[in-house]
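Data first, discussion second: the structure below is written as structure tokens.
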Amino acid sequence: MAPLIEVRGLRFKYEDGTAALNGVDFQLEAGETVALFGPNGSGKTTFVLHLNGLLTGEGTVQVCGLPVNRKTIPQLRRKVGIVFQDSDTQLFMPTVLEDVAFGLLNLGIEHAAALSRAHAALETVGMARTASRAPYHLSAGEKKRVAIAGIIAMEPEILVLDEPTANLDPPGQRSLAELIAHLPQAKILVTHDIGFAQALCHRAVFFQDGVIAAGGTVEEVVSRLDWDFSVERSKFRP
Amino acid sequence: MHQAVVERWSRGNSLLHRRDPRAKIGALVVFLVALATAHRGLAFTAAGLLILLACGFIWARVPLAGAMARAGLVLPFAIVFALISWAAGDPGRAVALVIKSYLSAFAVLLVVSTTPLPVLLRGLEMTGTPQFVLLVAQFLYRYLFVIGREAEQMSRAAAARGASARKWIAASGPFRAAAGALAALFARSYARAEHIHRAMLARCFQGHFQTAQNLRFCRSDAVFVLAASLIPLAVRIAAERALPWPR
């Protein structure tokens with residue numbers, strides 16, 4: 001069976017000349033959950049932004065058998081749902097329900113059906129009670145759940161979560177882990193949280209200087225890392 | 001933030017809130033034309049229209065004092081142009097400029113505070129407003145929150161390190177410091193706006209805002225637009241008739 005995501009030799013430079021990706025090879029199989037580890041600035045977020053065409057670099061990226069290019073971008077954005085690190089950037093509509101329905105309406109789904117699916121997604125993440133509230137009045141954990149609802153309402157095949165535990169307290173992290181574990185999609189988790197990854201991921205890859213420097217089970221990758229947060233650099237130990 | 005308060009007001013459930021946005025837009029246009037073209041008996045006309053708008057706010061259960069204060073945001077700009085007119089020897093025009101600007105802002109605020117923005121934009125779209133204008137309006141509104149929040153965070157961070165407006169003014173280079181802070185504010189806002197736009201694209205945004213509500217223009221909306229258009233016209237005619245024509 002063909003992998004859901006297949007990336008070969010992906011390279012990307014930002015406009016200021018910073019080389020963020022220097023030849024990334026990656027695969028994601030159906031039903032798999034993979035953690036992306038790596039220090040800040042190692043290219044993890046830049047990489048995931050290539051998966052639905054928000055950034056385009058050199059190399060080949062195939063998602064669900066489709067090459068990422070201008071023509072396929074609308075289809076790819078249905079297939080790959082990205083939950084961004086800062087929920088505030090994702091929640092911008094006046095009410096929670098409208099925000100969750102935003103993507104569905106963009107897909108051309110009829111209003112009543114869009115609202116019904118948005119309600120169902122809010123039920124799934126346990127946030128139905130907040131449907132009529134303004135997103136900026138929610139707590140960090142609630143915002144994260146609503147942001148996830150906005151993505152799963154679109155029924156993507158692949159879910160990408162960028163630093164999902166950022167700004168969450170330990171109970172919030174635990175309940176988020178339970179929620180993510182029950183979502184049926186294949187998932188990519190960009191995270192620094194080893195415990196979170198161990199609880200959810202089948203395997204992990206380690207980004208360093210724009211390439212994947214190591215891969216394996218979460219335990220294997222973690223055991224080979226000299227994880228030093230005090231200098232914000234994680235050195236891969238060969 | 002002002003826009004957050006107005007956003008909250010717009011989510012009310014009065015009869016005025018429930019009117020179709022096209023009815024409110026139509027009535028607003030008539031109101032603005034009646035006001036803009038009023039010359040004779042402007043004081044009476046303005047007083048009548050002010051009372052009319054105040055009744056509108058009370059009917060919509062929107063706090064009148066707060067709305068009057070917010071409509072005053074337009075005054076600094078109006079007063080600048082009024083002073084120019086005054087200096088040019090036309091004090092009558094200067095006063096008219098201030099009165100008309102304030103009442104126009106008050107009327108627009110009544111519509112905005114009784115209509116959620118996505119619904120208002122949908123109404124404007126259905127009345128033929130160019131898509132580009134609507135897009136700019138929607139982004140402008142969204143990014144006001146962004147700039148407001150960034151400014152709030154920067155001011156909090158500065159206060160945490162002992163900064164205050166008084167110290168800034170007393171400092172030797174207040175303009176330099178203020179310019180630096182403004183530059184930082186806009187750079188931060190720009191970066192955040194980019195992230196928001198990226199998040200919108202990720203959810204299939206294609207340059208066209210959809211609203212979750214279907215609009216329906218019913219008979220009560222037609223009655224409303226007729227009444228809300230005729231009353232300001234009647235106020236103006238009555239005010240003009242109360243005064244003799246100048247000879």
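Read the figures in this text as sums done on the coordinates, not as results from a lab. If you're wondering where the values come from, they're calculated on a predicted model, not measured in any experiment. Because the Cβ atoms are built from the backbone with ideal geometry, glycine has one as well, and the counts that use them run over all protein chains shown.
At-a-glance table
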item: Listed residues A:68, A:190, A:80, most fluctuating in chain A (Gaussian network, C-alpha, under 10 Å); result: A:68
item: Crossing angle, helix B:42-59 versus chain B [Cα axis fit, 0-90 degrees, rounded to tens]; result: 70 degrees
item: Computed [θ] at 222 nm, helices only, for chain A once each DSSP H run of length n ≥ 4 contributes -39500 (n - 2.57); result: -9500 deg cm²/dmol
item: Approximate spin-label separation residue A:19-residue B:132, in nm, with each point projected 7 Å along Cα-to-Cβ; result: 4.1 nm
item: Order of A:95, A:56 - criterion: other Cβ atoms within 10 Å of each residue's Cβ, fewest first; result: A:56, A:95
item: Sorted by Cβ density within 10 Å, fewest first, the residues A:143, A:71, B:100; result: A:71, B:100, A:143
item: Nitroxide proxy distance, nm - points 7 Å out along Cα→Cβ at residue B:240 and residue B:208; result: 4.2 nm
item: Simple spin-label estimate for residue B:84 and residue B:4 in nanometres, 7 Å along Cα-Cβ; result: 3.5 nm
item: Shape call, the protein assembly as shown: gyration tensor on alpha carbons, a/c limit 1.5; result: prolate
item: Within chain A, longest stretch free of exposed GluC sites (Glu not before Pro) [DSSP loop, at most 15 other beta carbons within 10 Å]; result: A:111-231
item: Size of electric dipole in the protein assembly as shown: Cβ of Lys, Arg +1 and of Asp, Glu -1, about Cα centre, debye, nearest 20; result: 1980 debye
item: Using a Förster distance of 41 Å, the FRET efficiency for residue B:15-residue B:151 (Cβ separation, nearest 0.05); result: 0.65
item: Fluctuation leader among A:215, A:108, A:172 - chain A, Gaussian network, Cα springs under 10 angstrom; result: A:108
item: Candidates B:223, B:108, B:62, ranked by Gaussian network fluctuation over chain B, Cα under 10 Å, top entry; result: B:223
item: Shape category assigned to chain B from the gyration tensor of Cα positions, a/c cut at 1.5; result: oblate
item: Shape of region A:10-82, Cα gyration tensor, a/c cut at 1.5; result: oblate
